Amino acid sequence: MAHLAHYREAHPLPFVITHWINLVAMILLIISGFNIHFPFWAAFEGIARGIHMFFAFVLVLNCIVRVILSFFVKSAPTGGTRRTDTDIKSWLPQTDNRHQAGAWVKYYLFLKKDHPLSAKLGVPQKLSYLLIPPLILIMAYTGLCLWGPTMNAPPFAAGLNLVGGAMMMRIIHYFLMYVFICFMFIHVYLANVEGTAPTKLMFFRREHGGLVYDPDKHAIIGEDELDEKH
Amino acid sequence: MEREAIVSEFYEKLDSRGVTRRDFMKLCGAVAAAAGIAHITATDVAYALEQSVIGAKEGNLYPVIWMEGASCTGCTESFAQIETPDPATVVLELISLNYSETLGAGAGWSFEEAREQTIAAGNYIFIYEGAVLEKWEGQALRVANEPGIEHVTHTAAKANAVVALGSCAVNGGWMAAYPNPAGAIGVQQCLKKHGIETPVVNVPGCPANPEWLEAVLVDVLFLQQLPDLNAEGKPSLLFTQTIHDNCQRRGHFENGEFVYQFGTREEALGYCLYPLGCRGPQTKANCGITRWNNRRSWCVESGGPCIGCTTANPANSNENWVETNTPFLKRHRDLRVGDFRLSPTTIALSVTGLLAAALVIHGFGMKITGRMNGGADFEKVRKWDKRHPDRSIGCYDLSDEECAALEAEAGVAAPAKPVGRTTAAKTGTGTATKTGTTGTTGTRTRAKTAGQDGADAAKKADEESKGGKA
Ligand code: HEM
Ligand code: HEM
Ligand code: SF4
Ligand code: SF4
């Protein structure tokens with residue numbers, strides 16, 4: 001068994017909730033968005049637009065709440081430990097990851113055999129998660145440029161002018177949906193390809209034994225056989 | 001008393017054209033509605049008309065020059081199709097159309113002379129229909145020994161206002177569609193380039209609805225003001241809401257009742273044309289209110305999805321309605337990639353499909369390398385640390401006791417067996433080289449000692465891990 005132990009401290013309850021909200025909102029936005037693009041399911045169209053706008057605001061609020069909470073809630077800075085620190089630190093560069101970006105890329109390209117040591121979020125993972133809040137905001141902006149009640153407001157009219165009108169804005173909004181879909185493909189793939197333990201922890205708070213890592217020594221210091229004891 | 005006489009004189013004029021007083025009031029109401037000016041009533045319009053025709057101090061009709069640029073003359077045709085008596089005709093006959101290639105009776109030298117005289121006298125409106133062509137040094141549309149572009153600049157310079165009539169005049173329209181061989185642009189852009197500051201009123205449409213022009217003329221001629229313009233220099237009341245906002249099929253849209261194919265039962269039922277590419281939701285014009293052909297019908301009412309013919313950004317000739325909206329029956333425009341035209345869906349699905357395929361292949365790689373069950377074994381030492389032992393990030397050489405203490409402190413159960421730790425630690429040669437980073441471990445600071453030990457340990461660990469894998 002090669003992975004680190006999975007403790008709840010890695011994903012405190014507030015973040016499990018924001019992640020759930022994120023997932024539900026995103027799925028509903030994608031389904032309703034597809035239907036807005038082309039009404040495959042005619043009877044759903046009217047509702048789809050309502051759902052789309054409602055969950056658009058849910059998604060944006062949830063994202064803001066998640067970012068603000070990261071300054072107040074403590075979480076484990078690495079896997080394999082119950083020690084915690086302010087969550088925002090695990091979004092910023094961490095000592096555990098220093099000089100490890102190349103190692104991660106090589107690992108995923110099968111050019112490196114052993115698993116890189118890292119913080120809770122590895123370098124590519126951290127970068128891709130960091131991309132999510134700005135992406136959500138851009139998505140909201142492009143969406144509001146297309147929404148009747150806001151499209152003529154100066155900040156949105158300026159954006160429409162910049163990209164070449166509502167048709168181009170629609171296409172950008174549509175392409176951005178695929179950016180989210182691609183992110184989700186990669187995210188879900190990477191979260192589960194080495195086992196479903198991370199997902200069970202993220203969604204259901206189920207802990208799992210494994211190696212113990214010390215966030216100050218930046219090294220593995222033992223193993224916790226949580227499973228046997230439960 | 002005096003006014004009375006004037007009015008009857010005016011009605012006599014109307015009478016001679018078969019327009020009764022009642023007809024007149026009716027069409028004044030229509031003019032007010034077409035102008036979209038809510039606070040103006042039919043009576044106001046009637047009064048303004050009467051005043052301007054015979055009550056005006058100067059006594060002359062407002063001079064108008066209507067010039068054709070690179071156009072199909074469709075906007076003029078559209079205007080001319082209007083039946084009498086109706087607002088358009090009356091307005092037309094209340095202006096002095098001093099120059100119009102299509103509607104004017106004159107021709108040749110005397111006709112051009114009339115234009116020159118009008119320009120020299122000043123105080124006129126300049127209606128320009130069609131695109132301005134920039135290629136060939138602006139020589140295209142050369143008439144009366146004057147290059148096309150100079151016709152525009154020289155006529156616009158002294159005008160009270162320019163009405164850019166139709167999408168071509170607003171930003172090049174279909175004349176400017178890819179590859180735009182003649183370098184078509186709109187009037188506003190042309191005047192800006194030549195530093196001419198005459199205000200431009202943009203009235204897009206292919207063709208422009210005659211009632212929109214009439215609304216502008218009512219404002220200019222009778223109310224002595226330009227209509228309120230939006231950010232694109234288009235009359236706000238006509239071009240700020242979308243077609244979709246005022247569409248009579250909107251109820252079907254909300255109900256989810258759509259036409260997916262022409263010739264179907266849904267089409268016969270008059271359902272919403274959205275799946276057939278209707279551009280109503282992103283096209284700004286009040287067609288559903290003004291309607292067309294003496295208010296008989298309009299595109300969507302007659303069963304044609306809106307093709308967004310009023311989409312025209314006066315500052316950008318690439319954002320013309322043809323580029324923006326073709327293919328008309330698809331929800332999105334096509335994008336041009338080199339010489340190819342690709343739909344956004346094709347591009348997006350290809351990229352997403354490639355990614356999905358890459359992940360599947362990657363997944364096989366993960367399976368073959370045995371990483372599916374928990375991933376590969378962790379590296380014993382970070383590669384960088386191995387190379388820079390003196391600045392090593394991790395402490396890989398802790399004793400079992402130290403580890404147990406750290407684990408206890410972290411609230412993690414003491415290890416059943418100390419696996420996973422580096423062999424380097426077991427050799428016991430190294431000493432820790434790092435200071436705690438998080439506050440909780442601040443007390444466990446240890447002196448930084450010889451980097452060489454660490455290096456030896458790291459090297460050994462590296463060799464061992466390599467040996468193990470080989
Ligand atoms: C975050 C805030 C968002 C806002 C304010 C927003 C708003 C909108 C609006 C107003 C429309 C146009 C509806 C219409 O034309 O009637 C739209 C369309 C659409 N949205 Fe969103 N949206 C947001 C997020 C998302 C997300 C996260 C996705 C998917 C991941 C998405 C996918 C789509 C799609 C596919 C369309 C159809 C575009 C087309 O016609 O091709 N949206 N959205
Ligand atoms: C079935 C779908 C999903 C699964 C299985 C899943 C799984 C996970 C897991 C296991 C983690 C923890 C990763 C770690 O710390 O190592 C995580 C974190 C995260 N996921 Fe997802 N996820 C899903 C959907 C999404 C969606 C739709 C989004 C947003 C578009 C998203 C955004 C994030 C972000 C930003 C994090 C960072 C941690 C946090 O927010 O607290 N996930 N996800
Ligand atoms: S026909 Fe077009 S403008 Fe009318 S409701 Fe449908 S989509 Fe909107
Ligand atoms: S309904 Fe659409 S296509 Fe028809 S005239 Fe109006 S803007 Fe042009």
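The values are calculated or read from the model by the stated rules, or taken from the named source; none is laboratory data. Just so you know, these numbers come straight off a predicted model, no measurement behind them. A quick note on method: Cβ atoms are made from the backbone with ideal geometry, for glycine too, and the neighbour counts reach across all protein chains shown. To get the accessible areas, we keep the full protein, side chains included, count just its heavy atoms, and leave off ligands, DNA and RNA. Shrake-Rupley method; radii C 1.70, N 1.55, O 1.52, S 1.80 Å.
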- Item | So B:GLU254, is it among the charged types (D, E, K, R) and touching a Phe, Trp or Tyr at 6+ places or on another chain (Cβ under 7 Å) | no
- Note on the structure: Exactly one of B:ALA184, B:ALA215 is at pLDDT below 90, of a type in the set (Gly, Ala, Ser) and surrounded by 24 or more Cβ atoms within 10 Å (Cβ to Cβ), and that residue is B:ALA215
- Query: Out of the residues in the stretch B:232-269 that are farther than 20 Å from B:ARG331 by Cβ and either open to solvent by less than 20 Å² (accessible area, probe 1.4 Å) or touching a residue at least 60 places away in the same chain (Cβ under 8 Å) (or both), which is nearest to the chain's Cα centre (by Cα)?
  - Reply: B:GLU232
- Task: May I ask you to list the residues in the stretch B:378-414 that are charged (D, E, K, R) and at the interface with chain A (Cβ under 7 Å from one of its Cβ atoms)?
- Result: B:GLU379, B:ARG382, B:LYS383, B:GLU407
- Would you mention how many residues in the stretch A:157-196 are over 28 Å from B:LEU349 (Cβ atoms) and more than 8 Å from chain B (Cβ to nearest Cβ)? 2
- Message: Give all pairs with beta carbons closer than 7 Å in which a residue from the stretch A:112-138 that is within 14 Å of chain B (Cβ to nearest Cβ) and β-branched (Val, Ile, Thr) meets a residue that is open to solvent by 30 Å² or more (accessible area, probe 1.4 Å) and away from ligand 3 (no atom under 16 Å from the Cβ); count only pairs at least 6 apart in sequence or on separate chains.
- Response: A:VAL123/A:ALA101
- Task: Kindly provide the set of residues from the stretch A:86-111 that are open to solvent by less than 30 Å² (accessible area, probe 1.4 Å) and either of a type outside the set (Ser, Thr, Tyr) or free of Cβ contacts under 8 Å to residues at least 24 places away in the same chain (or both), ordered by number.
- Result: A:ASP87, A:GLN94, A:ASP96, A:ASN97, A:GLN100, A:ALA103, A:TRP104, A:TYR107
- Query: Within the stretch B:141-172, how many residues are assigned to a loop (DSSP other than H, G, I, E, B) and either open to solvent by 20 Å² or more (accessible area, probe 1.4 Å) or outside the structural domain of B:LYS192 (by TED's automatic domain parsing) (or both)?
  - Reply: 6
- Task: Please enumerate the residues belonging to the stretch A:8-25 that are crowded, with 20+ Cβ neighbours inside 10 Å and either within 8 Å of chain B (Cβ to nearest Cβ) or farther than 22 Å from A:PHE72 by Cα (or both).
- Result: A:ALA25
- Message: Residue under question is B:LEU329, and the condition is that it be more than 12 Å from ligand 3 (Cβ to nearest atom) and either part of a helix (DSSP H, G or I) or surrounded by 19 or more Cβ atoms within 10 Å (Cβ to Cβ) (or both); does it hold?
- Response: no
- Would you point out the residue of the stretch B:233-268, among those that are within 15 Å of ligand 4 (Cβ to nearest atom) and of a type in the set (Val, Ile, Thr), that is farthest from A:TRP41 (Cα to Cα)? B:THR240
- So B:GLY308 clears everything in (1) in a loop (DSSP other than H, G, I, E, B); (2) open to solvent by less than 50 Å² (accessible area, probe 1.4 Å); (3) in contact with a helix residue (DSSP H, G or I) (Cβ under 8 Å, 6 or more places away or on another chain); (4) more than 14 Å from ligand 1 (Cβ to nearest atom) except one condition, right? Which one? (4)
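Here is a yes/no grid of residues against (1) touching a residue at least 60 places away in the same chain (Cβ under 8 Å); (2) outside any loop (DSSP other than H, G, I, E, B); (3) of a type outside the set (S, T, N, Q):
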residue: B:LEU349; (1), (2), (3): no, yes, yes
residue: B:HIS362; (1), (2), (3): no, yes, yes
residue: B:GLY374; (1), (2), (3): no, no, yes
residue: B:VAL381; (1), (2), (3): yes, no, yes
residue: B:TRP384; (1), (2), (3): no, yes, yes
- Task: State whether the residues of the stretch A:41-54 include one that is in contact with a Phe, Trp or Tyr (Cβ under 6 Å, 6 or more places away or on another chain), under 30 Å from B:VAL259 (Cβ atoms) and at pLDDT 95 or above.
- Result: no
- In this structure, does B:THR345 turn out to be within 20 Å of B:CYS206 (Cβ to Cβ) and either facing chain A (nearest Cβ under 10 Å) or out of contact with any His (no Cβ under 8 Å at 6 or more places or on another chain) (or both)? no
- Note on the structure: Per the filter on the stretch B:362-390, residues surrounded by fewer than 20 Cβ atoms within 10 Å (Cβ to Cβ) and more than 21 Å from A:GLY122 (Cβ to Cβ) are B:PHE364, B:ILE368, B:ASP390
- Query: What single numbered condition from (1) open to solvent by 20 Å² or more (accessible area, probe 1.4 Å); (2) away from ligand 3 (no atom under 16 Å from the Cβ) fails to hold for B:SER302?
  - Reply: (2)
- Task: Could you name every one of the helices (runs of 4 or more DSSP H) located completely within the stretch B:222-288 that has at least 3 residues being more than 16 Å from ligand 1 (Cβ to nearest atom) and on the phi < 0 side of the Ramachandran plot?
- Result: B:236-239, B:265-268
- Of the residues in the stretch B:297-344, those that are touching a residue at least 24 places away in the same chain (Cβ under 8 Å) and touching a Pro at 6+ places or on another chain (Cβ under 6 Å) come to B:THR310, B:ALA312
- Item | Hits in the stretch A:1-35 - residues which are modelled with pLDDT under 95 and part of a helix (DSSP H, G or I) | A:ARG8, A:GLU9, A:ALA10
- Taking the stretch B:289-305 and the residues there that are hydrophobic (A, V, I, L, M, F, W, C) and assigned to a loop (DSSP other than H, G, I, E, B), the one that is nearest to ligand 2 (Cβ to nearest atom) would be B:VAL300
- What's the number of the condition A:GLY80 fails, among (1) within 16 Å of ligand 3 (Cβ to nearest atom); (2) touching a residue at least 24 places away in the same chain (Cβ under 8 Å); (3) of a type outside the set (Asp, Glu)? (1)
- Message: Just to verify a result, which residue in the stretch A:36-85, among those that are facing chain B (nearest Cβ under 10 Å), of a type in the set (Val, Ile, Thr) and within 30 Å of B:GLU254 (Cα to Cα), is most open to solvent (accessible area, probe 1.4 Å)?
- Response: A:ILE47
- Filter the helices (runs of 4 or more DSSP H) completely within the stretch A:115-219 down to those with at least 1 residues that are among the β-branched types (Val, Ile, Thr), buried (at least 16 other Cβ atoms within 10 Å of the Cβ) and within 14 Å of ligand 2 (Cβ to nearest atom). A:123-146, A:166-193
